[in-house]
Amino acid sequence: MGRIWLFFLLLLPVAVFAVDSAAVRTGEELRLKGYRKLFYKIVALHPKLNSPLEKELLQHYLAGSGETFILSTADFKRLQQTVPLFVKQDSCHAVIAAQHNYCYKQVDLNNDAYFGWALGTITVVYNAADNEVVSFVDTYDFNKKKKGLRSRKNEFVTGVFRLLAPARARSFLVTFASDAYLIKQ
C-alpha cells in the first residue's frame, strides 16, 4: 500500500504540470491549454471584455512569452481618434530626440469600451510640432497602483485577477512601431 501512495505522490506533480502546459503559437493565433485556457474562457465571459484587441492581449498575457506586442495599424488609427476624448492633462512633457521633438501625456482609457480592458492608462507620444499622436507605450500587467491612482473597484478586480492568474502569465509592453519609439528586442 505504501508503494502505491509513493507512486501516486511522484506521479501527481507530473500530471499537474502537464495540464498547465506552455502556450503554442500556430500562425498568428495563440493556443492556450489547461488552466490558462479555462481561465481565459471564464474571463472572456465578462461583458466588459468585448473587443478583439482586449481578447488578443489577454491571450498574449496568459501565453507567457513576455514579448512586446505591436498594435496593428487599424487599431492604432482607432486609438488616435480615441485618445483626445480621454486625455488626463493638457501639458505635454517634452522629450528631446535626435531629429524630432516629441512629448508625452498620460491618457486614461479605462472607460473606453474598445480599449478599456486592453490598455487602461497609457503613455501617449506626440509630435510636439503638430500635437499628432505618433506612438504610445503601455505595460500590460496587473500591478498594484498607489492609493488614489485607480478606483477601489478597479484595484480590487486587478488584485483578484493577479491572484487567480496562471503562474506562467507574463507582463509585456504594448506599443505601436514608429520613428518616435524604438524597441530593442
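Among the residues of region 74-93, at least one is under 17 Å from the mean Cα position of the chain (by Cα) and under 30 Å from Tyr35 (Cα atoms).
Scanning region 48-94 for residues that are without any contact (Cβ under 8 Å) to a residue 60 or more places away in the chain, outside any loop (DSSP other than H, G, I, E, B), within 18 Å of Asp108 (Cβ to Cβ) and of a type outside the set (D, E, K, R) yields Gln80, Gln81, Thr82, Val83, Pro84, Leu85, Phe86, Val87, His93. Give the residue that is modelled with the highest pLDDT, with candidates limited to residues of region 23-37 that are outside any loop (DSSP other than H, G, I, E, B) and open to solvent by 100 Å² or more (accessible area, probe 1.4 Å). Filtering first and then ranking leaves Arg31.
The values are calculated or read from the model by the stated rules, or taken from the named source; none is laboratory data. On a predicted model such as this, the values are computed, not experimentally measured, just so you know. Note that we place each Cβ from the backbone using ideal geometry, even for glycine, and neighbour counts take in every protein chain shown. Heavy atoms of the whole protein, side chains included, go into the accessibility calculation; ligands, DNA and RNA do not. Shrake-Rupley method; radii C 1.70, N 1.55, O 1.52, S 1.80 Å.
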